[in-house]
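Engineer: Below is one structure. I have some questions about it.
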Amino acid sequence: NKMSILKKCKACSILFEPIKSIQPYCFNCTIERAKKHVKKQRDKKERAEKKELKEKLKTVSDYKSDLQYLINKIARLIDYGQNCISCNCVPKKSNGCHFKSVGSHSKLRYNLLNIYLGCNKCNSELGGNVHGYDDGIIAHFGREFWEYIKFQIVLDFPILKMDIPELKEKIAISRNIVKELESDLMVLSDAERIKKRIELNERLGIYETKYLF
């Protein structure tokens, strides 16, 4: 009796006669699923090829931007739970804000002692809110530290040059740091935030910390 061996297709629920007892789908659904699988594999291959081509076409500037994005994210994660460094408000959108701007002091662009969590308004609309930034650094970390990053830090690091292999290396380290910080989010004290910046600067190997408490 053929009716006794009919099965319900797991995809479309029609009754069908399986070729093998463990066959879960009817013939039409099996074909459709095979087509979808082939398309999925093809799309995956195309994405990988595009990614590879995009990587090959990247310039030094592109890698610098990739590293900057990650370093800024690290600074924001160190400052998790903090208000904007410049206006002391809860940020609607948080940025990694440079005390010394990238445009004027590109040699400090990846130095975590130069980057703190701030709001998009202060960073983008108010030109960095320089006076508020000064006040925020003094309030959290003291006048001595403010004097260091205001005047001395630019003298400690006169030049910064990295080629593509070096930038790739720092990007890989930065990604690992981001993962670690994201997996263990915590609100740090002001002293802990500076200590963490020094620790991660050294781990990144771009800057040798010369500021001593």
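The values are calculated or read from the model by the stated rules, or taken from the named source; none is laboratory data. Keep in mind it's a predicted model, so treat the numbers as computed, not measured. Backbone-built Cβ (ideal geometry, glycine too); neighbour counts: all protein chains shown. Surface areas here come from the heavy atoms of the whole protein model, side chains and all, with no ligands, DNA or RNA. Shrake-Rupley method; radii C 1.70, N 1.55, O 1.52, S 1.80 Å.
Engineer: Just give me the residues in the stretch 25-69 being among the β-branched types (V, I, T) and under 32 Å from the mean Cα position of the chain (by Cα), in sequence order.
Structural biologist: Selection gives T59, V60.
Engineer: Suppose we filter E166, E180, E208, E147 for residues that are of a type in the set (D, E, K, R), free of Cβ contacts under 8 Å to residues at least 60 places away in the same chain, part of a helix (DSSP H, G or I) and farther than 26 Å from D62 by Cβ; which single one remains?
Structural biologist: E147
Engineer: Across the stretch 3-38, what is the total count of residues that are in contact with a strand residue (DSSP E or B) (Cβ under 9 Å, 6 or more places away or on another chain) and loosely packed, with under 10 Cβ neighbours inside 10 Å?
Structural biologist: Summing the residues that are in contact with a strand residue (DSSP E or B) (Cβ under 9 Å, 6 or more places away or on another chain) and loosely packed, with under 10 Cβ neighbours inside 10 Å in the stretch 3-38 gives 2.
Engineer: Which of the residues belonging to the stretch 4-61 are over 30 Å from K161 (Cα atoms) and among the small types (G, A, S)?
Structural biologist: S4, A11, S13, S21, A34, A48, listed by residue number.
Engineer: If you don't mind, there's one more thing I want to ask. Quick check on the stretch 104-114. Is at least one of its residues of a type in the set (S, T, N, Q), in contact with a Leu (Cβ under 8 Å, 6 or more places away or on another chain), open to solvent by 50 Å² or more (accessible area, probe 1.4 Å) and not in a loop (DSSP other than H, G, I, E, B)?
Structural biologist: For the stretch 104-114, residues of a type in the set (S, T, N, Q), in contact with a Leu (Cβ under 8 Å, 6 or more places away or on another chain), open to solvent by 50 Å² or more (accessible area, probe 1.4 Å) and not in a loop (DSSP other than H, G, I, E, B): present.
Engineer: In addition: For the stretch 40-80, which positions are of a type in the set (S, T, N, Q) and buried (at least 17 other Cβ atoms within 10 Å of the Cβ)?
Structural biologist: Q68, N72
Engineer: Quick check on my filter: what residues within the stretch 187-210 are open to solvent by 80 Å² or more (accessible area, probe 1.4 Å) and within 17 Å of the chain's Cα centre (by Cα)?
Structural biologist: Residue satisfying the conditions is R203 alone.
Engineer: Now for a different question. Is it the case that some residue within the stretch 159-170 is under 19 Å from R76 (Cα atoms) and modelled with pLDDT of 95 or more?
Structural biologist: Yes, that holds for at least one residue.
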